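The values are calculated or read from the model by the stated rules, or taken from the named source; none is laboratory data. On a predicted model such as this, the values are computed, not experimentally measured, just so you know. When we count neighbours, we look across all protein chains shown, and the Cβ atoms used for this are built from the backbone with ideal geometry, even at glycine. Just so you know, the surface numbers come from the protein's heavy atoms only, side chains and all, with ligands and any DNA or RNA stripped out. Shrake-Rupley method; radii C 1.70, N 1.55, O 1.52, S 1.80 Å.
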Amino acid sequence: MSSRVEKFKGLKGKSLMLLLTFLTLQPFSPSAPEAAAPADMVLIPGGEFIMGSDANDGRIGFEVGVDSIPRHKASVQAFWIDRYEVTNGPYRRFVAATGHEPPSIWKDYQEFRYPAPEDNHPVIDVNFYDAEAYCQWAGKRLPTEEEWEKAARGADGRILPWGNQLDLKQLNTEDSKRNWTTAVGSFPDGASPYGVYDMAGNAMEWTSSILQSYPGAIKIIAPDKKFRILRGGSWGMPANPFARSAHRSFRLAELAQPDFGFRCAKDIK
């Protein structure tokens, strides 16, 4: 019998347990808990969901955009997404820390008779590159349009974050007659199935996705990196069709407008 086995037989109680732990490299304590959720971010589970629209969702060309067809199954990996749109407050800190050019509307708002930008309102008048730069500074990234859509409508293909019936009390769009942004989180009944706010109305949100058609689309769009997809409608646009979760808007990446904003996403590590 080897000396190692002899020693093994002679050990009892805690000593034997310690040796077994050392030899197998298996700690006694339970596995480490998952990393805590980043501040003000929501976990969106991975898996399949219904993406896009069809004629059952409304009149094509009116409620349903042609480039949002067809309904199809898509899949995403689990990820974090901001609970709220990025607001002026943290964006001011980003500008101060990096020297990034601030939104023009911060100095031009009186000329256009807009209210002064408030810290708890979504930052607007930003282009794709501004949004991307902020997310990188914050240690995050822009969501893809697939991620954005799942976070907005869940997995069941609902038309709006809260269901299938439009209710102007649950969002901020042109039809709501507020004529400006509202403080983020002002419509808790309009939150998505995962508890993400303002995914219909307030600020239209940049995503990282380029313009291209869906597989099997009736309207073929060649991929074009000059254009990026925005989602969610805004205070300056009618709810139909723009605030629908499946609606796709696209603009030149370099374009900034007084209703363009964003929120960030983050990979799970």
Problem set entry | Calculated from backbone phi, Karplus (6.51, -1.76, 1.60) coupling profile of the stretch 255-269 in Hz, x at Gly/Pro | 8, 10, 9, x, 10, 9, x, 5, 9, 9, 10, 8, 5, 8, 10
Exercise. Quick one: which of 169/266; 177/266; 150/226 span more than 32 angstrom between C-alpha atoms?
Worked result: 177/266
Problem set entry | Stokes-Einstein D in µm²/s, Kirkwood radius over Cα pairs - the stretch 54-203 at 20 °C with 1.002 mPa s viscosity | 126
For this session: Take the alpha carbon gyration tensor of the stretch 219-269, find the square roots of its eigenvalues, order them as a ≥ b ≥ c, and report rounded if a/c is under 1.5; if not, report prolate when a/b exceeds b/c, else oblate.
Result: rounded
Seminar exercise, completed: Probe 1.4 Å, all chains present, heavy atoms only: residue 218 accessible area in Å², nearest 10, is 120
Exercise. Which net charge results for the neighbourhood of residue 267, defined as the other residues with beta-carbon distances under 11 angstrom from its beta-carbon, given Lys and Arg at +1 and Asp and Glu at -1?
Worked result: +3
Exercise. Rounded, prolate or oblate: which fits the stretch 156-245 when a ≥ b ≥ c are the square roots of the eigenvalues of the alpha-carbon gyration tensor, with rounded for a/c under 1.5 and prolate only if a/b beats b/c?
Worked result: prolate
Seminar exercise, completed: Here the FRET efficiency for residue 129 versus residue 175, based on Cβ atoms and R0 = 35 Å and rounded to 0.05, is 0.70
Exercise. Hey, what's the chain come to in accessible area per residue, 1.4 Å probe, Å²?
Worked result: 52
Exercise. Along the stretch 211-218, what does the Karplus equation 6.51 cos²θ - 1.76 cosθ + 1.60 (θ = phi - 60°) give for ³J(HN,Hα), rounded to whole Hz, x for Gly and Pro?
Worked result: 6, 6, 7, 6, x, x, 5, 7
Seminar exercise, completed: With all protein chains present, the stretch 163-269 has a carbon and sulfur share of its accessible area (1.4 Å probe) in percent of 52
Problem set entry | Whole-Å distance, taken between Cα centres, linking the stretch 169-188 and the stretch 195-246 | 18
Seminar exercise, completed: One would report the Cα pair-distance distribution of the chain, bin width 5 Å, in %, as 1, 6, 12, 16, 17, 14, 9, 5, 3, 2, 3, 3, 3, 3, 2, 1, 0, 0, 0
